[in-house]
1. For Lys74, go through the aspartates and glutamates and keep the ones whose alpha-carbon is under 17 Å away, minus same-chain ones fewer than eight residues off.
2. Can you tell me the accessible area per residue over region 76-115, all protein chains present, probe 1.4 angstrom, in square angstrom?
3. Expressed in nm to one decimal, what extension gain is obtained for the pair Lys98 and Ser81 from 0.36 nm per residue of sequence separation less their Cα-Cα distance?
4. Using a Förster radius of 30 Å, what is the FRET efficiency between Arg58 and Lys91 based on their Cβ-Cβ separation? Nearest 0.05, please.
5. Could you pull out the pairs from Lys30/Lys98; Lys98/Lys120; Lys30/Lys91 whose alpha carbons sit more than 19 Å apart here?
6. Using the basic label-point model (7 angstrom from Cα toward the beta carbon), what is the Gln118 to Asp67 distance in nanometres?
7. Assuming R0 = 22 Å, what is the FRET efficiency of Asn36 and His109, from their Cβ-Cβ distance, to the nearest 0.05?
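The values are calculated or read from the model by the stated rules, or taken from the named source; none is laboratory data. Just so it is clear, the model here is predicted, and its values are computed rather than measured. Backbone-built Cβ (ideal geometry, glycine too); neighbour counts: all protein chains shown. Surface areas here come from the heavy atoms of the whole protein model, side chains and all, with no ligands, DNA or RNA. Shrake-Rupley method; radii C 1.70, N 1.55, O 1.52, S 1.80 Å.
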Amino acid sequence: MSSVIRKGVCAGLPITGFAVIAFAHAILVKSIPAPNEVVTGPNVPVALSFNSRVDQARSILSLESGDHGTSRLKVDIDPSSPSRLIARIPKAGAGSYKLRWQVLSVDGHITRGEIPFQVK
């Protein structure tokens, strides 16, 4: 299990190894950027793939920079997959960032987590 999935939470509770939680919620299965990846800026593509469909209107992606400033990203659903969110980070300067995500799955459960990465 990746560090991204272990950092997820459901309704304020950490996701652990409970099978019921794992099957009832949107679990992050892949991310671009990947956890701790070093990417080239200044325009950074973002794609988060989940194990089930997510609600775009209630999905939130925000970016925390190294100086702890936070900005919200415009979120879209990938037209080829309703379980994949896409966004773009414009004008990302060199440094450390955290991509924070929160999604509402079609079963009504919220999951959230963060993905640390760097821009060179």
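1. Reachable aspartates and glutamates: Asp55, Glu64, Glu114.
2. Values: 1980 Å² over 40 residues.
Heavy-atom SASA per residue in region 76-115 reads 50 Å².
3. Working: separation 17, 0.36 × 17 = 6.12 nm, distance 2.43 nm.
Difference between extended and current length: 3.7 nm.
4. Details: r = 27 Å, r/R0 = 0.89.
Efficiency, from the Cβ-Cβ distance: 0.65.
5. Numbers: Lys30/Lys98 16 Å; Lys98/Lys120 14 Å; Lys30/Lys91 24 Å.
Over 19 Å Cα-Cα: Lys30/Lys91.
6. 2.0
7. Numbers: r = 27 Å, r/R0 = 1.22.
So, using R0 = 22 Å, E works out to roughly 0.25.
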